[in-house]
Every structure is written in C-alpha cells, then in structure tokens.
1. Mind listing whichever residues of the range 44-78 are touching a strand residue (DSSP E or B) at 6+ places or on another chain (Cβ under 7 Å), more than 12 Å from ALA141 (Cα to Cα) and of a type outside the set (A, V, I, L, M, F, W, C)?
2. How about the range 124-141: which of its residues are modelled with pLDDT under 95 and surrounded by 14 or more Cβ atoms within 10 Å (Cβ to Cβ)?
3. Somewhere in the range 70-81, is a residue in a loop (DSSP other than H, G, I, E, B), open to solvent by less than 80 Å² (accessible area, probe 1.4 Å) and charged (D, E, K, R)?
4. Working only within the range 109-123, note down all residues that are open to solvent by less than 50 Å² (accessible area, probe 1.4 Å), over 13 Å from THR95 (Cβ atoms) and in contact (Cβ under 8 Å) with a residue 40 or more places away in the chain.
5. Return only the number of the condition from (1) farther than 21 Å from THR52 by Cβ; (2) touching a Phe, Trp or Tyr at 6+ places or on another chain (Cβ under 8 Å) that LEU131 does not satisfy.
6. Could you please let me know if ALA60 is among the aliphatic types (A, V, I, L, M), under 20 Å from PHE147 (Cα atoms) and over 14 Å from the mean Cα position of the chain (by Cα)?
7. TYR14 - would you say it is aromatic (Phe, Trp, Tyr), surrounded by 15 or more Cβ atoms within 10 Å (Cβ to Cβ) and modelled with pLDDT under 95?
8. Considering the range 35-58 alone, what residues qualify as being of a type in the set (Val, Ile, Thr) and under 18 Å from LYS73 (Cβ atoms)?
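The values are calculated or read from the model by the stated rules, or taken from the named source; none is laboratory data. Keep in mind that what you see is a predicted model, and the values were worked out from it rather than measured. For neighbour counting, all protein chains shown are included, and Cβ atoms are generated from backbone atoms with ideal geometry for every residue, glycine included. Accessible surface areas use protein heavy atoms only, side chains included; no ligands, DNA or RNA. Shrake-Rupley method; radii C 1.70, N 1.55, O 1.52, S 1.80 Å.
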Amino acid sequence: VAYTDLLARNAEGYQTDIPYSYNDYGLHFRNQFYLQGNWTIAEDGVEHARATLEYEDYIALKYTARSVNLVLKSLTGESLRSLVTLDGAPMEAATKGDDVVIEADGKSYLVVREPRMYSLVKDQQLASRELKIYADSQAFAAFAFTFGP
C-alpha cells in the first residue's frame, strides 16, 4: 500500500508538502490512520505543523494486532514528549509498549529521544483497539507503523 493511500481516509484526503489542517470526524476503518490538527505530509512521513500549548493534534490508528510500533524522530534533535491513549484512555501496564511510560497522574507518555522504531502497544492477545499519539511540538515526525501478530 502506498504511503499516501493510508491518509486517504481523512475526509479532506491529503495535501503534500504544505501545512494543512485535518479534521478527524471519528469514523475509523481498521488499518488506516487519521490526522487531527495541523500536519505536513512529506514524501516519507508526517510532520506536526505547529506548536501547541496542549495536546490537541494527533494521529489516530484503528488496528487489530498484539503489538504496534511507530518509527518517530525529532526534526530538531531535542527530546519530545507525546501523550498516548488506547481506546480513549491512558494506557495500562498490561498493554503498554516498552517505550511508553505511565506517570504518577496515570497518563501515558512516549519520549522521543532519537530517530528509531518505538514500541507503543504490547498486548497479551490479539485485539482490535484504537491508538492515538498526540503531538504538541513542530519537531514531531512520524514515518511508519508496524504490527505484531
């Protein structure tokens, strides 16, 4: 599947190489991802196109798998922190991937320190779920999801 085909599920389709405001209307098909907020779709990935004070913009993915990974990097090299939710709630210890941290307030976060594949979900059994990765920095860039059986 071509990279840009994965984005065709947003009602607006996709715009390449320019910042664009996407709307996620909530109807999601499995194995497709959706953007909410300002993003730039580049040749090999998506880049968050604005800095926000809160986690307003996200990538949503409805999937069926045991594990989900995402290749991420910081465009500036600085560490980035992203909020991560599963089925609309903070992740739990039983389902979080190796790179997700659950903080004292119960919220689940991912810290992007270097360009690499990050482990987001590690479920004990095959499950159909919805994952959201929130960005608040213009340096946030995502490239490819991978899934485990």
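1. Answer for the range 44-78, where residues must be touching a strand residue (DSSP E or B) at 6+ places or on another chain (Cβ under 7 Å), more than 12 Å from ALA141 (Cα to Cα) and of a type outside the set (A, V, I, L, M, F, W, C): TYR55, GLU56, ASP57, LYS62, TYR63, THR64, ARG66, SER67, ASN69.
2. Selection gives ALA127 alone.
3. First pass over the range 70-81, keeping only residues in a loop (DSSP other than H, G, I, E, B): 75-79.
Now narrow it down to the ones that are open to solvent by less than 80 Å² (accessible area, probe 1.4 Å): 75, 77, 79.
This time we only want the ones that are charged (D, E, K, R), so: none.
No; the residues of the range 70-81 include none that is in a loop (DSSP other than H, G, I, E, B), open to solvent by less than 80 Å² (accessible area, probe 1.4 Å) and charged (D, E, K, R).
4. Passing the criteria: VAL112, TYR118.
5. Going through (1) farther than 21 Å from THR52 by Cβ; (2) touching a Phe, Trp or Tyr at 6+ places or on another chain (Cβ under 8 Å) one by one, LEU131 breaks only (1).
6. No.
7. yes
8. Passing the criteria: THR40, ILE41, VAL46.
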